[in-house]
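In what follows, a single structure is set out as structure tokens and then discussed.
The values are calculated or read from the model by the stated rules, or taken from the named source; none is laboratory data. These numbers come from a predicted model, not from an experiment. All Cβ positions, even for glycine, are placed from backbone atoms using ideal geometry, and neighbour counts span all protein chains on display.
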Number of protein chains: 2
Amino acid sequence: MIETNQLRCFIAVAEELHFNRAALRLNMTQPPLSRQIQLLETRIDCKLFIRTSRSVVLTEAGKSFLNDARRILRLLENAQKAAKDISLGRSGILRCGFTAVTANKFLPQLISNMKADIPNSTLDLKEMVSLRQITALDSGDLDVGLLRPLVDPRKYQDRLVSRERLMLAIPAGHPLGAREFARWRDLDGVDFIMYDSVESKYFHDLLTVFLARKHVRPNIVQRLTQIHSMLSLVRAGVGVAVVPESARILDVADVEYREFADQSSPYAELFIVWRETNQNPLIPIVVDIAEALLEQASTQPVQPR
Amino acid sequence: MIETNQLRCFIAVAEELHFNRAALRLNMTQPPLSRQIQLLETRIDCKLFIRTSRSVVLTEAGKSFLNDARRILRLLENAQKAAKDISLGRSGILRCGFTAVTANKFLPQLISNMKADIPNSTLDLKEMVSLRQITALDSGDLDVGLLRPLVDPRKYQDRLVSRERLMLAIPAGHPLGAREFARWRDLDGVDFIMYDSVESKYFHDLLTVFLARKHVRPNIVQRLTQIHSMLSLVRAGVGVAVVPESARILDVADVEYREFADQSSPYAELFIVWRETNQNPLIPIVVDIAEALLEQASTQPVQPR
DNA sequence: TGTTATTGATACAAAAAAGGTATTAATGAT
DNA sequence: ATCATTAATACCTTTTTTGTATCAATAACA
């Protein structure tokens, strides 16, 4: 069976294309190196180098194997480091799902706080819609998810980690900008850019329910998924939109924001969710960090740049 | 440094959670297995198992390392297999130059036979004129070339892979279409579409030499490079042309073809060419396949669609 | 509570593998 | 034709791994 030492020998020779220099680099002499390479070649049962007594070149098979050998050694080092870090309780890898909206404000903060508190930890981030995150939690592809509230509490633990006000986004100079605070009833009949009912189900439902309760019927001119696209249309004067506060970070020119005066205005909530059975020691740590962010956020509102 | 053998030992113990059973599975005795695991633990510098003298359990670090160890061994096996496959020519990349005319008939057959015989192989096709292919073979940019005979036999290996008759292409209703077989002498003074002397040097020289020997002087009204363009002009009634049999595949409407009665009529030959020093294991295989196509072709002439 | 059976660790000798030195064989350069 | 370079081979030494015998710890059971 192939040993990693042979991989190291092979990589050295492949990089130097010279047995003597390679041996020097490996702190050994040339003959045993030659034999290690021969051994390797008999084990995988194919020539890796073409040697004339004057030069050494990689075969096609050798090139392929060089790639793989490098990758394998890299993986081995990572595995080693990961195991040690875990044993020191210091870190490890946390696979974390997130939804596109999260990326605006919450995620950057989470990442930087994670780095500060647990320097050796790795957040393995994967963007996926809330529902997909749930299945990934089940299959073990994710350790935690950052998603909108739609979770079956029997199987999952969750904590609220972000709670943002919704704001009115209007093009500069729009009549609704005259007031310092927006009023919901003013949206009645106004050209309005709405969330897609499938792709952005959470925001769609949130707004639809709230508008219906307020008996306000804006004139929906477009349905979109990406908040960024919505703001572009707002800027173009297609209509107004209601977006979470963190959308300000996108910093779209010529778009202004107004808070709603009405204190009953809905919040967009974000939860961190994980399976109770998942033993990853980073989970309680990241949950703490994420919860701490909620408190920070409530005292320090988003400012436009 | 960690050796793959230690990974195998570790996986066995992690799966059996029992040193004796694991040792049995590894065809060894328990004491050396214990020491291998200890060695592994000192090398990655963390405990992988919690052993009471009665039971063995994985630590968190051990669980992480088990995942990685399995993945690494799997990768190693795949790497081994991939390298061997390439060396056997069961997979890999063959960079193959071809001339535009080749693409009509020969190349599609070659590609489909390659796919059938060596499913994992990739033909990396690059269209270039014969001369350019030669320089590309020298520089190592190509493994094989499909080109017209103009090769210095000292540096290259070559094999004939295609041999086609030239045919007369005429617009429907042209007087020369009256006969079932064309005669070269009938071309004397006839409006004729000729090959470009530079870009289509091979066909140009072939025809020029042959016509001169027959003392036939057609009236050359146009010089072109692309056979397809020539046939378009034939169709438009600009003149007649002499094209390789495989041009029929282009299936230009209102153009008819006549074989030459004269058995001495020239052939258009195609060779597969490679450098003897090129070790790509796919070369002998593709050469075989290409040669086999010649035999097929000689018994099965091109039919118009 | 004492005995036994089970199980991983340790000690030491034997075997295998890897490494080192000296030399050979092949070949490009002079 | 000779020399220099370079990978392979032969042979010996050192290191590593393995196996046998045994120990130490402990759970099971009488």
Single condition A:K115 does not satisfy, out of (1) more than 13 Å from DNA strand C (Cβ to nearest atom); (2) at pLDDT 90 or above
(2)
Looking at B:L147, B:L166, which one is in contact with a Ser or Thr (Cβ under 8 Å, 6 or more places away or on another chain) and within 15 Å of B:S265 (Cβ to Cβ)?
B:L166
Residues in the range B:70-84 that are more than 7 Å from chain A (Cβ to nearest Cβ) and buried (at least 17 other Cβ atoms within 10 Å of the Cβ) total 1
Selection count where residues are of a type in the set (D, E), surrounded by 15 or more Cβ atoms within 10 Å (Cβ to Cβ) and more than 8 Å from DNA strand C (Cβ to nearest atom), scope the range A:1-49:
2
Applying the selection to the range B:85-116, what residues are touching a Ser or Thr at 6+ places or on another chain (Cβ under 8 Å) and within 14 Å of chain A (Cβ to nearest Cβ)?
B:D85, B:I86, B:S87, B:G89, B:R90, B:S91, B:G92, B:I93, B:L94
Exclusive hit being closer than 23 Å to B:L282 by Cβ, of a type in the set (F, W, Y) and facing chain B (nearest Cβ under 8 Å), set A:F49, A:F65
A:F65
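Given the range B:142-208, what strands (runs of 3 or more DSSP E) lie entirely inside it while holding 3 or more residues that are among the basic types (K, R)?
B:156-171
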With criteria (1) more than 16 Å from DNA strand C (Cβ to nearest atom); (2) touching a strand residue (DSSP E or B) at 6+ places or on another chain (Cβ under 8 Å), A:V56 comes up short on (1)
Scanning the range A:209-236 for residues that are assigned to a helix (DSSP H, G or I), within 21 Å of A:A253 (Cα to Cα) and touching a residue at least 40 places away in the same chain (Cβ under 8 Å) gives A:I227, A:M230, A:L231, A:L233, A:V234, A:R235
Could you tell me which of the residues A:L40, A:L17, A:L73 is hydrophobic (A, V, I, L, M, F, W, C) and on the phi > 0 side of the Ramachandran plot?
A:L17
Over the range B:47-76, the set of residues charged (D, E, K, R) and within 14 Å of A:I86 (Cβ to Cβ) is B:K47, B:E60, B:K63, B:D68
Residues of the range A:1-46 satisfying the condition of being away from chain B (no Cβ under 13 Å) and among the acidic types (D, E):
A:E15, A:E16
